Structure formats: C-alpha cells, structure tokens
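The values are calculated or read from the model by the stated rules, or taken from the named source; none is laboratory data. Treat the numbers as computed from the prediction; the structure is a model and nothing was measured. Here the Cβ is made from the backbone with ideal geometry for all residues, glycine too, and neighbour counts use every protein chain on show. Heavy atoms of the whole protein, side chains included, go into the accessibility calculation; ligands, DNA and RNA do not. Shrake-Rupley method; radii C 1.70, N 1.55, O 1.52, S 1.80 Å.
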Amino acid sequence: MSSIVQVTKLEARSFALDDLVFNVRAGKVRLPDFQRRFRWTASDIERLFDSIYRGYPIGTLLFWKRQAPGGIVAFGGVEWSVPEVPEALWVIDGQQRITSLTLAVLSDLRAAELDRRFNLYFDPQTEEFKAAATGRGVPDDLLPVATAFDLTRVLEWISLRGLSDGLRDRAFALTKRLRDFQVPAYLVETGDEQAVREIFDRMNTFGRRMKRSEVFDALHSAMHLQGEELRLSWVGEAATEAGFGEIDEQQLLYAVLATRGPDVLRDFHREFSGDGDRAEAFANARSALGRAIAFLQADADVAHARLIPHQHLFVALVRFLHLYPFPSPRNRVLLRRWFWRAAVIGPHLKGGTTGTLRQTVAAVSSGGEFAAVSALLNLSSTAQTSPPAPSTEQVRLSTADSRITLSAMMALGPLSPFDREAIPPDDIFGPDRAPLPQIFSSGDLAAGASSTGNRLLLPESELIDVSPRDALLSAVAEGDDELGRSHVIDEVFISLAEAGDFQGAVSRRSEQIRSHVLEFVASRAEWDLVDRPAIAALVADDE
C-alpha cells in the first residue's frame, strides 16, 4: 500500500469580498489550529485595501472544506460565537488577508476599538488609506472603511458633508470595489489532516519563508493537554505567569528542541513519534523554562525577558535545568558565573551568533551536573588580561550592553515615586511600553539626551496632574533617600539640576551608573575565583 497522502478533490472558484467577510462572520470560514498568529502591521493592511481600491490582485486563498463545530472563533485577537457548520472553509493560506479584511470592514465586531491596525480610514482627496490610533480624534473628511462597506451608512456620510462630485465618486467607488471585489481561491477536500499540513508547510517554506517557530507550530500544535492547546505560546506562559514578560517564539522553539537534544538547529519536521511524545516534550519544555526563569530572577538578577543579553545564554540555561532540575548550591553559583561572563563576552565562537548558539547548547551534556557547568565556563573563558566591560553610554534595548546595564539598574529595586512600592519589571519593559523617560530634554543638554544617565526606570503613569519624573525628583529633593538610591538620584544631582547644570547632573549620574554596573557584573561573574566543585563533591569522588 502506498503511504503517499493525496487530496480527493481540488476546486477553483472566486469569492466576492462581500460574501467572504460575511462567511467569516457567520463561522463558515475558520482558522485551523496549526495557523500562525496574526502578525500584519498597520502598513500591511493599508496596502491590502489600496490594492483592492486600485483593482490589483491580492493573491489566491486556499481553503480546506470540512465540518466545523459550534463555539468561539478568534481572528486577530477578536472573538465571537458561531454555530456548527457542516461544510466550513478552513484557511490553509490567506489568514493575514482574511483577518485584515474582516476586522476592518465589519464594525459590529468592534475590532477597531481594540486594535488600531483595524481602525482604517480612506482619504477621498489623496485616495490613500491610513490606520488611525484608537480613541483619538480623526478628521471629519476621512471616510471610515467600515462605513464605506455599508451602502446605507456611506450615503449618510456623504450627504452630511456636501462633497464635490469628484470626491463623492471616489467614496462610491470604494464602496463598490469593497463589496464586489473578487478573490480567487482553491478548495481542497481530503479526509487526512496530514495532507493539509503538508500543503501548508510547502506553501510557507517556498519563496518567502515563515519563521521556523511558525512552521513548528503549524506542524506540531494540534494536541491538547488537560484542555490546553499545545503551542509554543503555551510553553511561554511560564514566563508571563512569573511576571517575566513574553519570550520570543524563536527562543521558545529552541527551548523545546534543547530539552530533547543538543542540536537546536536540527530539522524538526518529524520531531515527535506520536501524540504522547509531543505532549511530554511541551510539558518538559514549559517546566524547564519555568526553572530557567526562576534562576534568572533569583540567582542572576535578570528581571525581564527583554533584558536577557544573548539568546544562546537562555537556551543553554533551559537545557541545563531540564537535565539537572535541582542543581546544588555550588553549581548554581558556577552557573551564575558562566551566565555573566558569557553575557559580557557575547557571541565569540566560530560561526558568530549561530555558531555560539549551537556550541553553547551542545556543551550541556548529560555527563554530570558539574561537568556540564564546567563545559559552559570553559567556552566563556577569555585570554584577555582584564575582563571586558560593557558600555553604559546609551540605552538601546536591542544591544546586549544596554540589557546588562538595565539589569544592573533593576537590581537596585527601583521604587514607584507614587506609592514607594517596587515597580514590576513588566510595567517598564512589557509590550507596547513607551521608551524609558528622559530626565531632561535634548534642549536642556548639549549632549547625552539619550544617555543612560538621562533615563529613568519608570513606567507611564495614569496620573494626569504629575509625571513620574517630576514626582521622583520632587520626593528626592524633599529628602527621600531610599527612593533616590533606587534610581541613582541623590542630593548632589538635585542640587546641580536646581542650579541649572543639567549637563553636570547627567554626567555625574552616568558615572555612578557605570560604577554600579561594573560592580554588579564583577560580583556575579567572579572572574578571579577558581571554578572548582563543592568540597562535598570532591570527597564523594575520592570515596
């Protein structure tokens, strides 16, 4: 018998845009478990609608025809209830386009209120589309795309504005094209889900490739564990639950693979032998990830996912704590030494970032706890006469030096100037957080407005009458030394600032931060100490 899986029927047809989005709303178009997240930007959505308006093709959709149960569906983070459908169309290719079209034109889903990417407007003057920030005023002469999709509403919108013939024609043209635009599609019929997964894989690994983490999720995410969907995001929940922020899905992929073998760059298409193997792997990765995060928070003083200096450190740490879940106190110290030495040295092995990742994770063997940590320490050994020092000049979270600097500053336990409580790291570094606030504006300084000395580890405040920056400086000026120490702000800084010497205040604080960072790293890397095992382990070996 042949093991080749084939489709039983392939049908070509086209959908009017009007019909397509209402089929999504009615639950007749669904997203299968293996689909990736919605990740289009506002610019991508604007270009999609511009193509429709101009009559450009937007690509061919691919659907899998099969039964769909009733329940809750989710597109682009928006959820609603749908009935059971005997012959639904499950999206194999075209999720980003279908989600964008549906959530931008169907106002009853209220997607535009939740996500600015779907808050789309058309300018009849320039014939351009623009996504506007939600909750902000929009010029009255811009036509909401959701309004343009509804003939009755667009007629009312036009009549209230007294548009010229030319602008009115453009508004009507948009309405007609939105409702009548034809989208070509293929419908696949097959009883074997693996054939659909194979089609998905081939479509998304030819030409412009998906991320490896997205392909992995597409191939291996259908299982459920105690009601939980097994995806990389499920593994990453160990980080968010610990207040550590979100782990990049590429790192989550490496974490899963690292718990199963030393080569995290291997081909994972046939990674699992069955459902049980898959479930065990995801559970092991989540547990090891949780232990790695606990180590980073408690031992290494890395407070947030965005402050991990290098990817290879985190992945190797996950593998180590999978193989050795409860390392001895001595080996935890050695593991911390390795982490900070390697953090400062950076990717230095053959092959650069990729080569360092491969060799570092592979160094963590099952030959024993001390042997594994010793192998890591040997990789990060340096022949330099003095250890390298991270740069503390500027704050750029994309650089390892800034992540090291900010980890050292977070170790001071920055307090809120409003309630004197420790600020949760995710309030500062979480998704969609604003850049770290400046103390003085660029107009007040001759140089160094973006320097570390001019940045504060403070989140945005919901208070309207006073900014976190003003509250902090005012409290320190009134003698709150504990608050000041947590932000490296002292009475000398306040005196210089009050005298108008903003440059001197920032320069002094920059030097204080630099001294603290060097001391922070040195106390954890312990460059000059001997990396021998615990005495008890040596005695055991002699016996």
(request) Could you work out the Rg to Rh ratio of region 323-382, with Rh taken as the Kirkwood radius (inverse of the mean 1/r over all Cα pairs)? (result) 0.97
(message) Within the chain, count lysine pairs with alpha carbon atoms under 21 angstrom apart where the residues are 8 or more positions apart or belong to different chains.
(response) 4
(request) Considering only protein heavy atoms, with the full assembly of protein chains and a 1.4 angstrom probe, order Phe320, Phe38 by accessible area, largest first. (result) Phe38, Phe320
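Summarise the accessible area of region 218-325 (1.4 Å probe, protein heavy atoms) by the percent that is carbon and sulfur.
Numbers: 1620 of 3760 Å².
That share works out to 43 percent.
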(request) Largest first and to the nearest Å, give the Cα extent of region 215-299 along each principal axis. (result) 36, 31, 19
(message) Quick check: the distance between the Cα centres of region 264-287 and region 371-420, to the nearest angstrom?
(response) 32 Å
(request) Using Cα centres only, tell me the gap between region 37-95 and region 157-207 in whole Å. (result) 9 Å
(message) What number comes out for accessible area per residue over the chain if the probe is 1.4 Å? Units Å², please.
(response) 47 Å²
(request) Could you tell me what percent of the accessible area of region 122-194 is made up of carbon and sulfur, with a 1.4 Å probe and every protein chain present? (result) 48 percent
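Write out the trypsin sites (Lys or Arg not before Pro) in region 412-501 meeting two conditions: DSSP loop, and at most 16 other Cβ atoms within 10 Å of their Cβ. Show your work: numbers first, answer last.
Numbers: sites: Arg420, Arg433, Arg455, Arg469, Arg485; in loops: Arg420, Arg433.
Loop-located and lightly packed - Arg420, Arg433.
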(request) For Asp501 and Ala26, calculate 0.36 nm times their separation in residues minus their Cα-Cα distance, and state this gained length in nm to one decimal. (result) 164.5 nm
(request) Run the quick spin-label model on Phe326 and Ser365: label points 7 Å from Cα toward the beta carbon, then report their separation in nm to one decimal. (result) 2.6 nm
(request) Check each of the GluC sites (Glu not before Pro) in region 427-507 and keep only those in coil by DSSP with at most 11 other C-beta atoms within 10 angstrom; list them in order. (result) Glu462, Glu478
(message) How large is the accessible surface of Glu193 in square angstrom, using a 1.4 angstrom probe and rounding to the nearest 10?
(response) 70 Å²
(message) Just to be sure I understand the model, the point goes 7 Å from the Cα along the line to the Cβ. What's the resulting Gln182 to Ser43 distance in nm?
(response) 3.3 nm
(request) Please turn the phi angles of region 157-173 into ³J(HN,Hα) values with the Karplus equation 6.51 cos²θ - 1.76 cosθ + 1.60 (θ = phi - 60°), one per residue in order, whole Hz, x for glycine and proline. (result) 4, 5, 5, 6, 10, x, 5, 5, 4, x, 5, 5, 4, 5, 5, 5, 4
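How would His322, His487, His269 line up by accessible area, probe 1.4 Å, largest first?
Largest accessible area first, the list is His269, His322, His487.
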(message) Using a Förster radius of 41 Å, what is the FRET efficiency between Glu84 and Arg433 based on their Cβ-Cβ separation? Nearest 0.05, please.
(response) 0.50
(message) Using a 1.4 Å probe on the protein heavy atoms only, what accessible surface does Lys211 show? Give it in Å² to the nearest 10.
(response) 110 Å²
(request) Find the eigenvalues of the gyration tensor of the Cα atoms of the chain, then list the square roots of 5 times those eigenvalues as equivalent ellipsoid semi-axes, largest first, in whole angstrom. (result) 48, 37, 18
(request) Mind grabbing the accessible area of Ser442 for me, 1.4 Å probe, Å², rounded to tens? (result) 80 Å²
(request) Taking the Cα atoms of region 128-191, report the difference between the largest and smallest coordinate on each principal axis, in whole Å and largest first. (result) 55, 29, 21
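Multiply the residue gap between Val466 and Val138 by 0.36 nm, knock off their C-alpha separation, and tell me the result in nm, one decimal place.
115.3 nm
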